[in-house]
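Okay, structure first, notes after.
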Amino acid sequence: MTKEEKYTHAKWAMNYALGKGSQEVKVSIFDSTSSRVEVREEKIEKLEQANQNGLSIRLLVDNKFSSHSTNRLANKKELERFINEAIAGTKFLSEDEYRKLPDPELYYKGGGEELKTYDAGFREIDPQSKIDMVFAVEKEVVGKDERIISVTASYFDGMSSQVMVTSNGFEGDSENTYYGLNASVSVKGGDARPQANWGESSLFYENLKTESVGKTALDRALKKIGQGKIESGKMTMIVENRTAGQLLSPLISALYGSAIQQKNSFLIDKLGQKVASEKLTIIDDPFIVSGRGSTLFDSEGLATKKRMVFDKGVLREYYIDTYYGRKLNMEPNSGSTTNLVFESGDKDLEGLIASVERGILVTGFNGGNSNGSTGDFSFGIDGFLIGKGRIVRPVSEMNITGNMKQLWMDLAEVGTDVYEASSRRTPSLLFNNVDFSGI
Amino acid sequence: MVLPPIMQSCSNIQISDDVKSYLDHFEVNASMLQKVIATAMSKGGDYADLFFEHNISNSLGLEDGKVNRAYSNIDYGVGIRVLKGDQTGFAYSESVAINDMINAARMAASIANNAGDFDSKETTEKIPADYYRISRKWEDVSVGEKVPYVQKINDNVFRLDEKVVKVNVSLNDETAYVLFYNSEGRLSYDYRPLVSFQVGCTMNRDGQIENSYTGRSFRKGFEWVTDELTDELAREAIDRTNILFDATKPRAGEMPVVMGAGGSGILLHEAIGHTFEADFNRKGTSIFSDKMGKKVAENFVNIIDDGTLLNNRGSINIDDEGNEVRKTYLVKDGILNSYIHDRISSNHYGIESTGNGRRQSFRYVPLPRMRSTYMEVGPHTREEIIENVNYGVYVDTFSNGQVQIGAGDFTFFVKSGYLIENGKLTQPIKDINIIGNGPRALADITMAASDYLIDNSTWMCGKGGQSVPVTCGLPTVLVKKLTVGGMNS
């Protein structure tokens, strides 16, 4: 479907639902295409192609709320039946006085900066050039070390386009593309067969970094040989930029209106208070050019804004959507994150390592969880022991355990090495006094 | 493209009314299936299959005392796969119009690049097993019939304990129609119901907030939802939350871990199950890659992956490659007996598939996946096992786990359990991760009791970006040594 066809179809579905007894309606229609090539032992192991589409409709019927989706949107008769059944089912629910479409004043109304999240050349890329690229990634590894057991290289790309309309006047659309390369290398080291992955991704084909993907995966796998646990103890922890999102997630989850209203947050009633170390400053910036989380409006249609979330450890904003805003009697300010940008310190990863007398550099997490209500966490980790400012040996099969509130108070350094291939643009982070469990 | 001559005679195929109803459901006929397969095989593939799926799911939710949200989703389409040795070409179509299927088949065919001759095989119907008999289909149950049970759980939880401040309940049902056809002429079908009830409970005791949850899931119909069930779930949610108020954290480090009967089967799933999946082993990337036929555990250890348990969440009547589902001994009398196979890996090893080829939906390729993974009874008693431990932990409620296939390091997150001090359960513990190494942990199972139990919580297994429903089970066992997340003095 073209964008115009999607709008026409979405509005038809919206008007149909309004005509059948729904008082408020939101309809989204999307389509997407993606492909994937996987190479192993110098031949194509997997070739996958996908095209999909879908329609989702949110209804408010006599103050009762429901949401429905289908990938059967071509046949209008079938869609009519789908919508009728959805409306009929909704009538059995309890009323929910807090469900309302957003205040139209808060909607995105067009214009704004060019965010460059869509590569118009997506369909013109020669399939053979994608395949050549994957083989080149594999070639960086094959035969380079006798300990290599297996190398899998892959290329993936995709584009999606969506429109959204609401019965109180919102209309918006967006298009996105992405491209990526990945290498996964397994090596033999004693009984274990350590594996490492490395990947690069981009929103534009021409910006996709192709070199060193395979080589980096190989280097990282080889460095893991001989990994094992060390004695338990309280130590300094550096978390590498790519993996730091794992520790950031529980902190951000504690800021959502749903978590606060449902008492599933350890940061209830903390606005304006110091909840983390002075080193923690995070800005939510929706307008970064080609940022992975860049967007002009959120999933409700609310116009996005640049905002300070943590200011030198002081909590400045929650993420409040329309529904939980009404439940909490707070102003909605968009219930989702866009790009989270840290204020950097002055050392890169090497500098951070050099500053540590004894500690662990965490390069990967292995399971674990964090309790939303209390902030208690425990995660499996692997990485490297640091002694006197240098990497000493690889470690694995260890846990870190503690509480999120204390962990972020113990944030001592923020690196300069921002990981840009994620909406959570984390640099490497250094924490003091972390409880490690090993032997 | 030249179609094989068999096309003219396909109207003579004898098919049962059962399979006919599935062909009608997807508005296809045997001749269309053969035509799509012929296209898929036209470039010289060794094998091709078609997986039609129509999935209807519904969810009802309760928050702040009211059943005030409902969700539904319809997903429909056909996945077309072509194999050439270990190589896979895959595409799917959300339309079953012949031209759309042919286009997808052409794309999948391109994994092979010769001009191949393909002779259509005679169609043979594979009658699926019958592991989930139900009496009330979810499609026939209105929202109005489900609402009172969801409400009742909420009301029970609030009534049972005055510390309760929040309750969340969801009732999720799913129905999938599956039609399968492959280049060997095998035609099969399945009807897959799945239901889960989830209850979350948050309590406040003098300003201390704790929450926990419970759930159940089966391949059952609406007849499963009863007042007794809602009472049981409410009680369990209360008990699981109450225990957390006085819970502590153990000390950090290695110690004996007693795994309580039931959900502790997550140990098998993470420590052993994934690393036995034969796609990893055929590539040599699993820590168990060269251990077939070798002793890996004590003699009393028998570990099974089973797709045949009646109404179990992990059971399937046929796997997603049209193969018979089995009860497979992964470890028999302490010896590594079988990997977990799909078509590609079983061909690679030259054996029959164990019926573990599973996929999240028609949008994904099948992979070797677990079903219900459990361990049979051992020679000890639960009391003996606990008495055996001087300082350690007893764990029985879990939220999630993970494993690194090659390194063998696995973890599981303990929602609650107890300290063991001088052979007795003492203070409750909560929110700790436990980490170990698969082969070592398996060898370190030194005691096992006879209280074997399958846990019917809503277990979901993730691999390669795909989720499939599974279950697990275990008798009470002692693992001599694992690293427990905790505090350093």
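Worth pointing out:
- Subset of the range A:248-257 (residues that are assigned to a loop (DSSP other than H, G, I, E, B) and within 14 Å of chain B (Cβ to nearest Cβ)): A:ALA254
- Neighbours by Cβ (under 6 Å, 6+ apart or cross-chain): first from the range B:226-255, within 10 Å of chain A (Cβ to nearest Cβ); second part of a loop (DSSP other than H, G, I, E, B): B:LYS249/B:GLY486; B:PRO250/B:GLY486; B:ARG251/B:GLY486; B:ALA252/A:SER232; B:ALA252/B:GLY486; B:ALA252/B:ASN488; B:GLY253/A:SER232; B:GLU254/A:ILE439
- For the range A:107-129, the set of residues classified as within 13 Å of A:GLU171 (Cα to Cα) and under 25 Å from the mean Cα position of the chain (by Cα) consists of A:TYR107, A:TYR108, listed by residue number.
- Qualifying position, being of a type in the set (Lys, Arg) and in contact with a helix residue (DSSP H, G or I) (Cβ under 8 Å, 6 or more places away or on another chain), among A:LYS327, A:LYS274, A:LYS270, A:LYS306: A:LYS327
- Hey, A:PRO194 touching a residue at least 12 places away in the same chain (Cβ under 8 Å), touching a helix residue (DSSP H, G or I) at 6+ places or on another chain (Cβ under 7 Å) and within 30 Å of B:CYS201 (Cβ to Cβ) or not: no
- Condition met for B:LEU187 (of a type outside the set (Val, Ile, Thr), touching a Phe, Trp or Tyr at 6+ places or on another chain (Cβ under 6 Å) and within 14 Å of chain A (Cβ to nearest Cβ)): no
- The criterion of being small (Gly, Ala, Ser), within 14 Å of chain A (Cβ to nearest Cβ) and out of contact with any helix residue (DSSP H, G or I) (no Cβ under 8 Å at 6 or more places or on another chain) holds for B:GLY485.
- Taken over the range B:427-463, residues that are surrounded by fewer than 24 Cβ atoms within 10 Å (Cβ to Cβ) and at the interface with chain A (Cβ under 10 Å from one of its Cβ atoms) amount to 3.
- Being acidic (Asp, Glu), within 30 Å of A:SER232 (Cα to Cα) and assigned to a helix (DSSP H, G or I) is a property that does not hold for A:GLU278.
- Single residue of the range B:242-281 satisfying the filter (over 21 Å from B:SER450 (Cβ atoms), of a type in the set (S, T, N, Q) and crowded, with 24+ Cβ neighbours inside 10 Å) that is modelled with the highest pLDDT: B:THR275
- Per the listing A:ARG36, A:ARG81, the residue uniquely out of contact with any helix residue (DSSP H, G or I) (no Cβ under 8 Å at 6 or more places or on another chain) and part of a helix (DSSP H, G or I) is A:ARG81.
- Residue that is farthest from B:GLY215 (Cα to Cα) [pool: residues in the range B:241-299 that are assigned to a helix (DSSP H, G or I) and of a type in the set (Val, Ile, Thr)]: B:THR275
- For the range B:404-426, the set of residues classified as buried (at least 24 other Cβ atoms within 10 Å of the Cβ), among the hydrophobic types (A, V, I, L, M, F, W, C) and more than 21 Å from A:GLY375 (Cβ to Cβ) consists of B:ILE405, B:ALA407, B:PHE410, B:ILE420, listed by residue number.
- Residue count for the range A:41-85 satisfying the condition of being surrounded by 20 or more Cβ atoms within 10 Å (Cβ to Cβ) and of a type in the set (Lys, Arg): 2.
- Residue ID - nearest to the other protein chains (Cβ to nearest Cβ), chosen from residues in the range A:159-195 that are outside any strand (DSSP E or B) and under 30 Å from A:PHE365 (Cβ atoms): A:ARG193
- Scan of the range B:402-427 for residues that are of a type in the set (A, V, I, L, M, F, W, C) and closer than 17 Å to A:SER378 by Cβ, ordered by number: B:VAL403, B:PHE410, B:PHE412, B:PHE413, B:VAL414, B:LEU419
- Residue among A:SER34, A:SER28 that alone is under 30 Å from B:ILE111 (Cα atoms), touching a residue at least 60 places away in the same chain (Cβ under 8 Å) and more than 9 Å from chain B (Cβ to nearest Cβ): A:SER34
- Looking only at the range A:205-218, and only at residues there that are of a type in the set (S, T, N, Q) and assigned to a helix (DSSP H, G or I), the one that is surrounded by the most Cβ atoms within 10 Å (Cβ to Cβ): A:THR216
- Any hit, the range B:367-386, residues being within 13 Å of chain A (Cβ to nearest Cβ) and surrounded by 21 or more Cβ atoms within 10 Å (Cβ to Cβ): yes
- Only residues that are within 14 Å of chain B (Cβ to nearest Cβ) and either over 17 Å from A:ALA421 (Cβ atoms) or not in a helix (DSSP H, G or I) (or both) were counted across the range A:219-247, and they come to 18.
- Selection status of B:VAL82, touching a residue at least 40 places away in the same chain (Cβ under 8 Å), closer than 22 Å to B:ILE15 by Cα, more than 8 Å from every other protein chain (Cβ to nearest Cβ) and β-branched (Val, Ile, Thr): no
- Of the residues making up the range B:270-323, those that are closer than 30 Å to A:ALA196 by Cβ, touching a Phe, Trp or Tyr at 6+ places or on another chain (Cβ under 6 Å) and more than 12 Å from chain A (Cβ to nearest Cβ) are B:PHE276, B:ALA278.
- Residue match in the range B:372-382 (condition: at pLDDT 95 or above, in contact with a Gly (Cβ under 6 Å, 6 or more places away or on another chain) and more than 27 Å from B:ARG216 (Cα to Cα)): no
The values are calculated or read from the model by the stated rules, or taken from the named source; none is laboratory data. Keep in mind the model is a prediction, meaning the values are calculated, not measured. With ideal geometry, Cβ positions are generated from the backbone for all residues, glycine too; neighbour counts draw on all protein chains shown.
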